[in-house]
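The values are calculated or read from the model by the stated rules, or taken from the named source; none is laboratory data. Keep in mind the model is a prediction, meaning the values are calculated, not measured. All Cβ positions, even for glycine, are placed from backbone atoms using ideal geometry, and neighbour counts span all protein chains on display. Note: areas computed on protein heavy atoms with side chains; ligands, DNA, RNA excluded. Shrake-Rupley method; radii C 1.70, N 1.55, O 1.52, S 1.80 Å.
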Amino acid sequence: MLVLSLFSLLLIARVTARSPPAPLGNPESPVYQRCLKKIADVFFVVDTSSSLKINSNVMKELDFMGEVITAFDLGKDQVRTGMMTFATNTELLFKLDDFKTKKEIAKILDDRKNFVKYQWEGGDTNIGKALRLLMDEGLSTSHGSRADVPQIAVIITDGDPNDRDDFASALLELRKKNIIVFAIGVGPDRRPDNLRKIAGDPERVFELEDYDSLRTIGKELVDKVCDKEQNDEDKCKKKKDCDGAMADVIFVADSSRSLGYKSFNKLKEFAEAVVKRFTVSPIDIQVGFINFGNDSILEFRLNSYRDQDEVMKAISKVQYLDTAESMQLTYTGKALQMLIQKGFLKQNGGRGGKVPKIAIIITDGEPTDIDATHRFAKAAKQQGISIFAIGVGKWMKQDEINLLASDPKTTHAFLVEDYDSLSFIEAALAKKTCTAAIQAISMPPEGFY
C-alpha cells in the first residue's frame with residue numbers, strides 16, 4: 001500500500017509538472033477586470049525593422065501585444081481589434097472587421113513568431129508609412145471602425161523614422177483624426193521627441209530601455225487605454241477634463257517678424273483649438289488675448305466675449321503686427337508687463353479671489369528686452385499668475401522657456417520644432433490648463449485646517 005501511494009504521488013507530480021501554464025489575462029486579474037465594459041476600436045502597430053537587431057526582440061513585441069489584447073472583452077459590439085507590422089513595407093495581420101477571437105489571435109501571433117524566428121529580414125523604420133496604413137485601413141470605416149466609439153492606436157517602435165518627410169506629413173494628418181494614440185519607445189535609439197509627436201500627449205508615452213521591460217508597463221498601459229474615454233453605464237454623465245474648471249486665461253502671442261504671416265495664422269489656429277476644449281462662459285473659463293511685437297495690444301479682454309464661438313472668432317480676426325513699413329521685434333517683457341498691469345484687472349473681466357489667473361505665452365525668439373522679460377516673468381508668478389510657456393523653432397532654448405514658465409517646468413514648459421508642431425501639444429496643454437484651474441479652485445482657503 002505504501003509503495004502504491006508513493007507511486008501515485010510521483011505520477012500526480014509528473015502530470016502536474018507537464019500541465020500547461022495558466023493562460024495570460026486570467027479573468028480574475030485586476031487588469032482584465034478593468035476592461036470588461038470597454039467598447040472601443042483598438043489597433044496595434046508593431047515595428048519589425050532591422051533596428052530591433054535580433055528576431056527575439058520582435059517576438060517579445062508580439063508576445064506583449066498578445067498579452068495586452070487578452071485584457072479586452074473582444075466582440076462585434078465590444079472591443080474590436082486589429083494589428084499590423086511595419087518595416088520597409090507594412091502588413092495587416094488582421095483587421096477590425098475580421099472579429100477575431102482571442103484564440104484565433106493567439107494562433108495568428110504564434111504563426112507570425114515562427115515566421116520571424118526563421119525568416120525575419122528586418123528593413124527600414126518607415127513609421128510614416130505605418131501611420132498612413134493605420135489611418136487609411138487600420139482604423140477606417142471600410143474595415144470595421146465605428147464612428148460612435150473611441151478610436152485607439154498602440155504603437156511600438158525603437159528608432160528614428162527613415163521616411164522622415166512622410167512621417168512629418170502623416171503626423172499632421174494624424175492630429176486631425178480623432179484617434180487616441182499610445183506610443184511605446186524601446187531601446188537606446190528611441191526618440192522621445194518623436195514619441196511625443198506620435199502620441200500627441202506626453203502622458204500617453206512609454207519609454208523603456210529594452211524589450212524585456214515591456215511586461216513592466218502592461219498593467220499601466222491597459223489601465224490607461226481602459227480609462228481613456230471609458231464606456232460605462234454613466235457615459236453621458238462622465239466628466240471631461242475641463243468640466244468644473246474655472247479660470248481667467250490670457251493668450252500672449254508673439255507677432256514679431258521672425259514668425260511670418262503663415263506661422264502667425266498657425267499660432268492663432270492653435271489658440272482656437274485649445275479654446276475649443278474649454279467650457280467658456282462668465283462662470284467657467286474666460287479668455288483674453290495679448291498680441292505683441294515692439295509694443296503690446298490687448299486685443300480683447302476677459303469679459304469681451306461670453307462663449308466659445310465668440311472667442312474663437314475673435315482670435316481668428318487678430319492681425320499680424322509685422323509689416324513692410326514696421327518691423328516688429330520680440331518685446332516679451334512689455335507683453336508680460338501688460339499682462340500684470342491690465343490683463344486680470346476687475347474692469348477687464350478679472351474675477352480675482354480664488355479664480356486662477358493663467359497665461360499661455362507662445363513665442364519663437366529670444367526676447368529683445370531680455371532683462372525686463374525675466375523681471376516681469378518673476379513678478380507675474382509672484383502675483384499668482386500661472387504661466388504656460390511655449391517655445392517654437394530652433395532658436396528657442398529650454399532654459400529660456402523655463403525662465404518664463406511656472407513650476408513644475410515639466411508641466412508648464414513646452415518646446416516644439418515649428419508652428420505646424422503646435423497641434424501635437426494642443427490636447428496636453430488644454431488638459432494641463434484645466435487641471436491647474438480645477439486644482440486651484442478645489443484648494444481650501446488658508447487657515448481651513
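Structural remarks
- Subset of the stretch 187-203 [of a type outside the set (D, E, K, R), touching a Lys or Arg at 6+ places or on another chain (Cβ under 8 Å) and open to solvent by less than 30 Å² (accessible area, probe 1.4 Å)]: 200
- Pairing each residue of the stretch 38-56 that is open to solvent by less than 10 Å² (accessible area, probe 1.4 Å) with any residue that is basic (Lys, Arg) and in a strand (DSSP E or B), provided the two are 6+ apart or on different chains, yields C-beta distances under 6 Å for 41/80.
- Residue 133 being among the hydrophobic types (A, V, I, L, M, F, W, C), open to solvent by 20 Å² or more (accessible area, probe 1.4 Å) and part of a strand (DSSP E or B): no
- Summed over the stretch 122-171, the residues that are among the acidic types (Asp, Glu), farther than 20 Å from residue 185 by Cα and in contact (Cβ under 8 Å) with a residue 40 or more places away in the chain give a count of 1.
- Scanning the stretch 282-300 for residues that are assigned to a loop (DSSP other than H, G, I, E, B) and over 18 Å from residue 336 (Cβ atoms) turns up 282, 283, 284.
- Boolean, residue 206 is crowded, with 16+ Cβ neighbours inside 10 Å, touching a helix residue (DSSP H, G or I) at 6+ places or on another chain (Cβ under 6 Å), free of Cβ contacts under 8 Å to residues at least 40 places away in the same chain and among the aromatic types (Phe, Trp, Tyr): yes
- All conditions but one from (1) surrounded by fewer than 17 Cβ atoms within 10 Å (Cβ to Cβ); (2) modelled with pLDDT of 95 or more; (3) under 22 Å from the mean Cα position of the chain (by Cα) apply to residue 295; the one that does not is (3).
- The set of residues in the stretch 171-186 that are at pLDDT below 90 and either out of contact with any Ser or Thr (no Cβ under 6 Å at 6 or more places or on another chain) or open to solvent by less than 10 Å² (accessible area, probe 1.4 Å) (or both) comprises 171, 172, 173, 174, 176, 177, 178.
- Checked against (1) modelled with pLDDT under 90; (2) open to solvent by less than 20 Å² (accessible area, probe 1.4 Å); (3) more than 30 Å from residue 352 (Cβ to Cβ); (4) of a type outside the set (Phe, Trp, Tyr), residue 428 passes all but condition (3).
- Residue that is surrounded by the fewest Cβ atoms within 10 Å (Cβ to Cβ) [pool: residues in the stretch 301-335 that are in contact (Cβ under 8 Å) with a residue 60 or more places away in the chain and in a helix (DSSP H, G or I)]: 315
- Note on the stretch 271-281: residues that are in a strand (DSSP E or B) and open to solvent by less than 10 Å² (accessible area, probe 1.4 Å) total 0.
- Of the residues making up the stretch 151-161, those that are over 18 Å from the mean Cα position of the chain (by Cα) and either crowded, with 19+ Cβ neighbours inside 10 Å or in a helix (DSSP H, G or I) (or both) are 158, 159, 161.
- Residue match in the stretch 372-389 (condition: closer than 16 Å to residue 252 by Cα and within 19 Å of the chain's Cα centre (by Cα)): yes
- Set side by side, the residues 60, 117, 113, 100 differ, and just one is without any contact (Cβ under 8 Å) to a residue 60 or more places away in the chain and open to solvent by 50 Å² or more (accessible area, probe 1.4 Å), which is 100.
- Residue under evaluation residue 338, criteria (1) in contact with a Leu (Cβ under 9 Å, 6 or more places away or on another chain); (2) within 19 Å of residue 268 (Cα to Cα); (3) outside any loop (DSSP other than H, G, I, E, B), criterion not met: (2)
- Residue that is farthest from residue 151 (Cα to Cα) [pool: residues in the stretch 63-96 that are without any contact (Cβ under 8 Å) to a residue 24 or more places away in the chain and open to solvent by 10 Å² or more (accessible area, probe 1.4 Å)]: 91
- Selection status of residue 435, among the hydroxyl-bearing types (Ser, Thr, Tyr), open to solvent by 40 Å² or more (accessible area, probe 1.4 Å) and in a helix (DSSP H, G or I): yes
- For the stretch 341-358, the candidate set comprises residues that are in contact with a Phe, Trp or Tyr (Cβ under 9 Å, 6 or more places away or on another chain) and outside any loop (DSSP other than H, G, I, E, B); within that set, the residue that is most open to solvent (accessible area, probe 1.4 Å) is 357.
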